[in-house]
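Enquirer: Before we start, here is the structure in question, set down as structure tokens.
The values are calculated or read from the model by the stated rules, or taken from the named source; none is laboratory data. Computed from a predicted model, the values in this text were never measured in an experiment. Backbone-built Cβ (ideal geometry, glycine too); neighbour counts: all protein chains shown. Side chains included, ligands, DNA and RNA excluded: accessible areas come from the protein's heavy atoms. Shrake-Rupley method; radii C 1.70, N 1.55, O 1.52, S 1.80 Å.
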Amino acid sequence: MKVPSSAVALTAASALVLTGSAKPLKRNVKVDDKAFIDSIVIDDLLGCAQDLEDIAYATPGRNRVHGSEGHANTVSYIVEQLTSLGDYYNVELQEFSTEVTVGSNASLTVNGETLEAGTFSFANNGTWTDTPVVNVANLGCDAADHPATLSGAVALIARGDCTFVQKLTLAGEKGAVGAIIYNNAEIGPATGTLGGVNDLIPVGGISRADGLRLVSELSNSTLSSAGEFWQYIANATSHNVIASSRTGDASNVLFLGAHSDSVDSGPGINDNGSGTCGILTVARQLAAAAVGGAIANQVRFAWWTAEEEGLLGAEHYVATAPASALEKIRLYLNFDMIASPNYVLGIYDGDGSAFNLSGPAGSAEAEALFEAWYGESEKLPFVSSEFDGRSDYGPFLEAGVPCGGLDTGADGIKTEEEVALFGGVAGELYDPNYHTPKDNVTNLNLEAFQTTGRAIAHAVATWGTSWEGFPTRNATATLGRRLSPSLSKKKYGPLMKKKSRRGKKAY
Ligand SMILES: [Zn+2]
């Protein structure tokens, strides 16, 4: 039984160029900062988000996952919005194809009791019966966590800290025939992606509560399990949308990106309809603000596909771009989840002051600009987001491109300290509906949405106008990320704190 690939394959020409007729625009007119920023209004942001929800709900899958009709229609929507602006942008579609899971089964019983189970993308199929469950110590990130008794058994492993691939590799080395990963938050069974085709042992996910209960039972008894995990893989094609302003210095590009795809469990309106609409609204208003004039530096926007499958669309763009083109990007800014219901205002920690992971020269300046905007201009609190490359900026960082960005929190847990700064509910996820069917328009925090949207506009107004004071790209220094030389160089804003809030993707 196999789902035909035509069910998910879309036909489209690669690198389709969609543009109007070129009209010369005047150069080097400064974008009116305040009017431009004020033009980013919640009605437009929310209207866009509603359009994306409508697009998802009009399809059988009610989602916008890479390869789906909902995602194809999302791409068409973005292109229509951009081309309706006349010839301000040169709009390109970059085709991308990869294998995806289009159907799956996850069933698990332990000592005869059926547990709710989830699947991992790219996990290998596996069926087992009457097989002992063996607990793996700590988070299963070290070989020593995996006991010799795993041989012929199913490994029970906690989620967190290291990749699923690492956990499964180590369990497999000890002879485990399968693995059960339990979640690290109360958000149902663990699910995720292994990032690509692999030869790892089969794996399924269960909830944190079930996992902890099994761990406790294993401390004084044995457990026997039966599992059946499989999935159908098919080829899926979708597109990155790239829009570059026709005016502005194309050798000194400001690049903004957001992923346009959702997971398959829902319409993905905070993740990442919010980022999609944030940069789309800014792109639209930039074209309007610059009517009769133009910006000094080229502003390029990208809506990436297949982020949820492992940053695949952005990776494809970076991998296929000539080095000479990547060197012309002065800064890449990423926006993924910018309207979380239980939000914080997060700024990527580009200088490594909070998490000791910094980026190429320019990343610190990107962080500083947003800190000054939130902290000084808007008198708003902000926190640092770990600069871990776990969204579409990852491939850019690896290519040595300076990066920055904003987010409002994903599946991390809000602290009391953050509640004091932003309100909301302590002990709950920043987005309790993360990767669920409930991530629809009602999931958005509108205040956070408009605030981040305007911060994006501020960055465009600033660097679209001038790179003065911003580090130059040094071709010989594009060696990728480095560690911050010293934690003693920490420069915290009064309201910043050290805390990782992400914990999505392959972890
Ligand atoms: Zn996302």
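Enquirer: Which residue is nearest to the ligand (Cβ to nearest atom), if the candidates are limited to the range 299-312 and must be outside any loop (DSSP other than H, G, I, E, B) and open to solvent by 20 Å² or more (accessible area, probe 1.4 Å)?
Expert: 312
Enquirer: OK, next. Only one residue in 243, 236, 226 is closer than 24 Å to residue 83 by Cα and either charged (D, E, K, R) or touching a residue at least 24 places away in the same chain (Cβ under 8 Å) (or both). Which one?
Expert: 243
Enquirer: Moving on to the next point. State all residues of the range 314-323 that are within 24 Å of residue 457 (Cβ to Cβ) and either within 12 Å of the ligand (Cβ to nearest atom) or not hydroxyl-bearing (Ser, Thr, Tyr) (or both); if no residue qualifies, say none.
Expert: 314, the sole residue that qualifies.
Enquirer: A further question follows. Filter the range 217-231 for residues that are among the polar types (S, T, N, Q) and open to solvent by less than 40 Å² (accessible area, probe 1.4 Å); which is nearest to residue 135 (Cα to Cα)?
Expert: Among those that are among the polar types (S, T, N, Q) and open to solvent by less than 40 Å² (accessible area, probe 1.4 Å), it is 225.
Enquirer: Residue pairs, Cβ under 6 Å, 6 or more apart or interchain, first in the range 388-411 and touching a residue at least 24 places away in the same chain (Cβ under 8 Å) and under 21 Å from residue 161 (Cα atoms), second more than 11 Å from the ligand (Cβ to nearest atom) and of a type in the set (Asp, Glu). List them.
Expert: 395/315
Enquirer: If you take the residues in the range 138-187 that are hydroxyl-bearing (Ser, Thr, Tyr) and more than 18 Å from residue 110 (Cβ to Cβ), which one is surrounded by the most Cβ atoms within 10 Å (Cβ to Cβ)?
Expert: Selected residue: 169.
Enquirer: Would you call residue 452 of a type in the set (S, T, N, Q), at pLDDT below 95 and at negative phi?
Expert: So residue 452 fails the test.
Enquirer: Can you pull out the residues in the range 373-392 that are hydrophobic (A, V, I, L, M, F, W, C) and either at pLDDT 95 or above or open to solvent by 10 Å² or more (accessible area, probe 1.4 Å) (or both)?
Expert: Hits for the range 373-392 are 373, 380, 382, 383.
Residue-by-condition table, conditions (1) of a type outside the set (A, V, I, L, M, F, W, C); (2) modelled with pLDDT of 95 or more; (3) outside the structural domain of residue 170 (by TED's automatic domain parsing):
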residue: 205; (1), (2), (3): yes, yes, no
residue: 210; (1), (2), (3): yes, yes, no
residue: 214; (1), (2), (3): no, yes, no
residue: 232; (1), (2), (3): yes, no, yes
residue: 236; (1), (2), (3): no, no, yes
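Enquirer: Tell me which residues, restricted to the range 242-280, are more than 16 Å from the ligand (Cβ to nearest atom) and assigned to a strand (DSSP E or B).
Expert: 242, 243, 244, 245, 249, 250, 251, 252, 253, 254, 255
Enquirer: Here is a list of conditions, (1) more than 22 Å from the chain's Cα centre (by Cα); (2) at pLDDT below 95; (3) open to solvent by less than 40 Å² (accessible area, probe 1.4 Å), and residue 14 meets all of them except one; can you say which number that is?
Expert: Going through the list (1) more than 22 Å from the chain's Cα centre (by Cα); (2) at pLDDT below 95; (3) open to solvent by less than 40 Å² (accessible area, probe 1.4 Å), residue 14 breaks only (3).
Enquirer: Please work out which residue is nearest to the ligand (Cβ to nearest atom), limiting yourself to the range 396-429 and to residues that are over 20 Å from residue 344 (Cβ atoms) and either aliphatic (A, V, I, L, M) or open to solvent by 10 Å² or more (accessible area, probe 1.4 Å) (or both).
Expert: That would be 397.
Enquirer: If you don't mind, there's one more thing I want to ask. Does the range 243-257 hold any residues that are open to solvent by less than 10 Å² (accessible area, probe 1.4 Å) and within 17 Å of residue 78 (Cα to Cα), and which are they?
Expert: 243, 245, 255, 256, 257
Enquirer: Taking residue 35, is it assigned to a helix (DSSP H, G or I), under 29 Å from residue 462 (Cα atoms) and modelled with pLDDT under 95?
Expert: Criteria met by residue 35.
Enquirer: Something else: Within 16 Å of the ligand (Cβ to nearest atom), among the hydrophobic types (A, V, I, L, M, F, W, C) and part of a helix (DSSP H, G or I): is that true of residue 286 in this structure?
Expert: Answer is no for this residue.
Enquirer: Consider the range 74-93. How many of its residues are open to solvent by less than 40 Å² (accessible area, probe 1.4 Å) and either part of a helix (DSSP H, G or I) or touching a strand residue (DSSP E or B) at 6+ places or on another chain (Cβ under 7 Å) (or both)?
Expert: Looking only at that region, the number is 10.
Enquirer: Would you tally the residues in the range 313-364 being surrounded by fewer than 24 Cβ atoms within 10 Å (Cβ to Cβ), without any contact (Cβ under 8 Å) to a residue 40 or more places away in the chain and closer than 18 Å to residue 405 by Cα?
Expert: Result for the range 313-364: 1.
Results for (1) outside any strand (DSSP E or B); (2) within 30 Å of residue 61 (Cβ to Cβ); (3) in contact with a strand residue (DSSP E or B) (Cβ under 7 Å, 6 or more places away or on another chain), shown as yes or no for each residue.
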{"site": "103", "(1), (2), (3)": "no, yes, yes"}
{"site": "107", "(1), (2), (3)": "no, yes, yes"}
{"site": "129", "(1), (2), (3)": "no, no, yes"}
{"site": "134", "(1), (2), (3)": "no, no, yes"}
{"site": "137", "(1), (2), (3)": "yes, no, no"}
{"site": "141", "(1), (2), (3)": "yes, no, no"}
{"site": "160", "(1), (2), (3)": "yes, yes, no"}
{"site": "168", "(1), (2), (3)": "yes, yes, yes"}
{"site": "175", "(1), (2), (3)": "yes, no, no"}
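Enquirer: Which condition number does residue 236 fail, the rest of (1) closer than 22 Å to residue 435 by Cβ; (2) within 16 Å of the ligand (Cβ to nearest atom) being met?
Expert: That leaves (2) as the condition not met.
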